[in-house]
Amino acid sequence: MTHPLLIIGAGLAGWQSVREFRKLDSTTPITLVTADAGDFYAKPTLSNAFGQKRGPAQLVTTPAASIAQTLNVTLLPHTTVSAIDTAAQLVQTSTGPLAYRDLVLATGARAIRVPLAGDAAEQVLSVNSLDDFGVFHQRLSALGEAGPNIRVSIMGAGLIGCEFANDLAGAGYAVTVIDPSERPLAALLPPPASVQLQAALSGLSVQWQLGATVQVVNSQAGALSLTLSNGQTLAADIVLSAVGLRADTSLAQAAGIACERGILVDRQLQTSAAHVWALGDGAQYASAASPGAPTGRTLPYVMPIMAAAKVLAANLCGTPAALEFAAMPVAIKTPALPIVAHPPAPGHLGEWVEQVLGEWWFAAADAPERAHGFVLTGTHTSKRMALVKQLQAVVAPVVSAT
Ligand SMILES: Cc1cc2nc3c(=O)[nH]c(=O)nc-3n(C[C@H](O)[C@H](O)[C@H](O)COP(=O)(O)OP(=O)(O)OC[C@H]3O[C@@H](n4cnc5c(N)ncnc54)[C@H](O)[C@@H]3O)c2cc1C
């Protein structure tokens with residue numbers, strides 16, 4: 001009997017792997033096992049749903065049963081994989097063992113939770129899945145119509161924190177963002193771009209507590225009281241933690257598969273175990289190696305998954321293919337100030353050079369005539385394609401505005 005191609009995870013990485021595989025092979029049996037319901041949704045829509053008045057049900061683009069039927073997949077929803085036996089080519093699940101011909105780990109990442117004191121620390125929410133969004137949406141809706149009387153505190157001024165701040169403030173909520181950095185999106189943007197973003201979000205009445213962290217969350221008079229590291233206290237009705245994600249390597253690690261910050265995969269997307277592959281937020285790609293990350297990087301974004309799924313499908317169908325990432329800028333969904341960022345790969349020493357206000361190029365110290373990354377804001381985001389072409393050619397001269 002031929003065992004199926006077994007995929008764990010029904011996020012973009014799982015479903016996109018199936019789509020690409022089915023383009024090449026319509027008959028090999030595929031089983032997709034997932035802890036959630038398996039419905040297909042675009043995860044990036046979670047952080048701009050309130051502005052569009054969309055709840056969790058409206059975010060599902062294809063129900064699980066329908067996508068499974070179209071792609072001829074045996075779907076096992078609400079089923080958790082607890083162990084992998086790579087020698088026997090078998091996984092243990094909450095409903096029994098499953099044998100595989102090849103196994104794809106598309107198990108994603110987990111929201112990082114910082115330790116918090118206080119009797120309401122457990123009420124702090126994170127949103128990294130449709131189910132998480134369902135809980136967040138339900139708690140917020142239970143507080144009444146969106147309005148400045150409903151206070152949302154967001155821990156983290158990174159990409160997801162800023163996107164939620166824009167979405168929730170735009171929908172009318174009173175939003176405060178708390179972050180240990182002195183400016184929003186500090187890891188991604190040059191300081192003047194952060195200043196622009198902070199001003200644009202402040203224009204939507206977003207309040208800031210920068211250079212501070214949340215230490216204690218207590219319940220107080222039917223709401224929440226936050227004590228910050230700078231000694232201030234804040235009242236909130238709901239607290240969203242958006243302090244980052246960590247690749248979920250637990251299953252792979254327990255099975256003896258090599259992991260670092262993510263599940264290590266080579267350029268073919270193969271893990272250290274035969275017949276086991278990985279992609280998506282859980283993977284650490286050798287194809288994304290750079291001087292500062294010689295064993296590769298995790299790339300928790302949509303575009304790397306689209307590229308990886310194609311290469312994975314070819315390899316699973318017996319056509320050897322190697323993954324090469326093209327330049328993949330990230331569009332940050334802050335309509336108050338649209339931003340497109342392509343940070344330099346880790347290890348490139350250099351500095352941001354302002355071309356005009358709204359356009360920055362990263363000039364590497366060892367090759368200052370070249371741009372190794374860029375950030376565009378506002379109307380300058382229209383130059384995205386032109387800059388991607390220049391990056392790919394790696395011949396972009398950096399011209400200082402001063
Ligand atoms: C709010 C938000 C906004 C974003 N916006 C953008 C954006 O604008 N642009 C962009 O490029 N990227 C964005 N991203 C990132 C992007 O959405 C992710 O990179 C991508 O969706 C990850 O897909 P994935 O399939 O790897 O992981 P996931 O979607 O996390 O899927 C993991 C799957 O594995 C299953 N699973 C895990 N463990 C087990 C187990 N043991 N047994 C069974 N099933 C298991 C889960 O149930 C789930 O189905 C955003 C992310 C968030 C959270």
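Just a few scattered comments:
- Qualifying residue in region 163-171 (condition: modelled with pLDDT of 95 or more and open to solvent by 60 Å² or more (accessible area, probe 1.4 Å)): no
- Among the residues making up region 94-137, those that are within 13 Å of the ligand (Cβ to nearest atom) and of a type outside the set (A, V, I, L, M, F, W, C) are S94, T95, T107, G108, R110, S126, N128, S129, D131, D132, H137.
- Residue, nearest to the ligand (Cβ to nearest atom), within region 294-309, restricted to residues that are buried (at least 18 other Cβ atoms within 10 Å of the Cβ) and more than 16 Å from the chain's Cα centre (by Cα): A309
- Restricting attention to region 331-377 and to residues that are of a type in the set (S, T, N, Q) and more than 15 Å from the ligand (Cβ to nearest atom), the residue that is least open to solvent (accessible area, probe 1.4 Å) turns out to be T377.
- Single unsatisfied condition, I257 versus (1) part of a loop (DSSP other than H, G, I, E, B); (2) open to solvent by 40 Å² or more (accessible area, probe 1.4 Å); (3) not small (G, A, S): (2)
- Residues (more than 21 Å from T107 (Cα to Cα), open to solvent by 20 Å² or more (accessible area, probe 1.4 Å) and within 18 Å of the chain's Cα centre (by Cα)) located in region 1-55: N48
- Residue within region 20-33 that is out of contact with any Pro (no Cβ under 9 Å at 6 or more places or on another chain), among the polar types (S, T, N, Q) and more than 14 Å from the ligand (Cβ to nearest atom) present: yes
- Residue match in region 151-166 (condition: in contact (Cβ under 8 Å) with a residue 24 or more places away in the chain, of a type in the set (A, V, I, L, M, F, W, C) and more than 15 Å from the ligand (Cβ to nearest atom)): no
- For region 129-158, the tally of residues that are open to solvent by less than 10 Å² (accessible area, probe 1.4 Å), more than 24 Å from S181 (Cβ to Cβ) and under 16 Å from the mean Cα position of the chain (by Cα) stands at 1.
- Condition check for D281: at negative phi, among the charged types (D, E, K, R) and over 19 Å from the mean Cα position of the chain (by Cα): no
The values are calculated or read from the model by the stated rules, or taken from the named source; none is laboratory data. As the structure is a prediction and not an experimental result, all values here were calculated from the model. Cβ: placed from backbone, ideal geometry, glycine included. Neighbour counts: every protein chain shown. Accessible surface areas use protein heavy atoms only, side chains included; no ligands, DNA or RNA. Shrake-Rupley method; radii C 1.70, N 1.55, O 1.52, S 1.80 Å.
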